[in-house]
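Asks: Please read through the structure below; I'll follow up with questions.
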Amino acid sequence: MELFDQSADRLPFHDQDEAELARAGATEFSRDAQLRHLQRVPLFSGFDEAELRRVAELSRIVEAPVGTVITQLGEPGDSFFVIIDGTATVRTPIGAGIQLKPGDFFGEMSLLDGEPRSATIVAATDLRLLIVDRTHFWRLLDETPDLIRRILTILSRRVRRLEQTVDAILHGTNPA
Ligand code: CMP
């Protein structure tokens, strides 16, 4: 089965900057195709059709081939991403190899605090991504408080995991 719809945009360059990456989705999927993808994303589970339509209005779906650098550590960031299909690898300053899978999101930190990207994220496979731009991100959070709760829960988990990793590094034990 073909992973990506023919109608979707591809992101052709590995070093494409984020603005270009966001613009690449401009022609987009049809709204119905977009809704079908959104229905599969656990981050939006339990959302009614009106909420999903609102998410669809405030976002776009783009495709990125394996190897695409989606966010670059230290660079400014203006988009929030949710993985619909595929996996991505997170490289933080303390280590590599965190895998993100369908349903996982990233890019929220720079939107929340305005600081540069905290990690480099690379497409480990071809990716289909939902992208929400900065202005739409805040609107989306304002309109769907459930999303705030879900994002905060995941952020708490990431902080805990990071603390365990740092602890393991300091004490020479295996974080796994
Ligand atoms: P942001 O800093 O905007 O861009 C890079 C993203 O990588 C960051 O937001 C998070 O979404 C993600 N990220 C950073 N550190 C981790 C981590 N330890 N585990 C999972 N994701 C992370």
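The values are calculated or read from the model by the stated rules, or taken from the named source; none is laboratory data. The model shown is predicted, which means the values in this text are computed figures rather than measured ones. Cβ coordinates were reconstructed from backbone atoms using ideal geometry, including for glycine residues, and neighbour counts include every protein chain displayed.
Asks: Mind listing whichever residues of the range 131-171 are under 17 Å from ILE61 (Cα atoms) and in contact with a Leu (Cβ under 7 Å, 6 or more places away or on another chain)?
Replies: Matches in the range 131-171: VAL132, ARG134, HIS136, PHE137, LEU140.
Asks: Which residues, counting only those in the range 60-96, are farther than 21 Å from HIS37 by Cβ, of a type in the set (Gly, Ala, Ser) and either within 10 Å of the ligand (Cβ to nearest atom) or at pLDDT 95 or above (or both)?
Replies: Residues satisfying the conditions are GLY67, GLY74, GLY77, GLY95.
Asks: Mind listing whichever residues of the range 64-77 are assigned to a strand (DSSP E or B) and either of a type in the set (A, V, I, L, M) or over 12 Å from the mean Cα position of the chain (by Cα) (or both)?
Replies: Across the range 64-77, the qualifying residues are ALA64, VAL69, ILE70.
Asks: Right, something else. For the range 80-121, what are the residues that are more than 13 Å from the chain's Cα centre (by Cα) and more than 21 Å from LEU58 (Cβ to Cβ)?
Replies: Those that are more than 13 Å from the chain's Cα centre (by Cα) and more than 21 Å from LEU58 (Cβ to Cβ): ARG91, THR92, PRO93, ILE94, GLY95, ALA96, GLY97, ILE98, GLU115, PRO116, SER118.
Asks: If you don't mind, there's one more thing I want to ask. Do the conditions hold for THR125, that is, is it touching a strand residue (DSSP E or B) at 6+ places or on another chain (Cβ under 7 Å) and surrounded by fewer than 20 Cβ atoms within 10 Å (Cβ to Cβ)?
Replies: So THR125 fails the test.
Asks: Among the residues of the range 126-156, how many are polar (S, T, N, Q) and within 13 Å of the ligand (Cβ to nearest atom)?
Replies: Within the range 126-156, residues that are polar (S, T, N, Q) and within 13 Å of the ligand (Cβ to nearest atom) number 1.
Asks: Can you go through VAL166, VAL132 and tell me which one is surrounded by 12 or more Cβ atoms within 10 Å (Cβ to Cβ) and either at pLDDT 95 or above or among the polar types (S, T, N, Q) (or both)?
Replies: The conditions single out VAL132.
Asks: Out of ARG139, ARG157, which single residue is free of Cβ contacts under 8 Å to residues at least 12 places away in the same chain, basic (Lys, Arg) and surrounded by fewer than 19 Cβ atoms within 10 Å (Cβ to Cβ)?
Replies: The match here is ARG157.
Asks: Taking only the range 97-106 into account, find how many residues are loosely packed, with under 14 Cβ neighbours inside 10 Å and either touching a residue at least 24 places away in the same chain (Cβ under 8 Å) or within 9 Å of the ligand (Cβ to nearest atom) (or both).
Replies: Result for the range 97-106: 1.
Asks: Looking at the range 150-161, is at least one residue within 25 Å of GLN34 (Cβ to Cβ) and either charged (D, E, K, R) or within 12 Å of the chain's Cα centre (by Cα) (or both)?
Replies: yes
Asks: In the range 107-125, what count of residues is obtained for those that are more than 8 Å from the ligand (Cβ to nearest atom) and in a loop (DSSP other than H, G, I, E, B)?
Replies: Of the residues in the range 107-125, 3 are more than 8 Å from the ligand (Cβ to nearest atom) and in a loop (DSSP other than H, G, I, E, B).
Asks: Follow-up. Which residue out of ARG117, ARG150 is modelled with pLDDT of 95 or more and either buried (at least 18 other Cβ atoms within 10 Å of the Cβ) or aromatic (Phe, Trp, Tyr) (or both)?
Replies: ARG117
Asks: Does at least one position in the range 114-124 carry a residue that is free of Cβ contacts under 8 Å to residues at least 12 places away in the same chain and over 24 Å from ARG36 (Cβ atoms)?
Replies: Scanning the range 114-124, I find at least one residue that is free of Cβ contacts under 8 Å to residues at least 12 places away in the same chain and over 24 Å from ARG36 (Cβ atoms), so the answer is yes.
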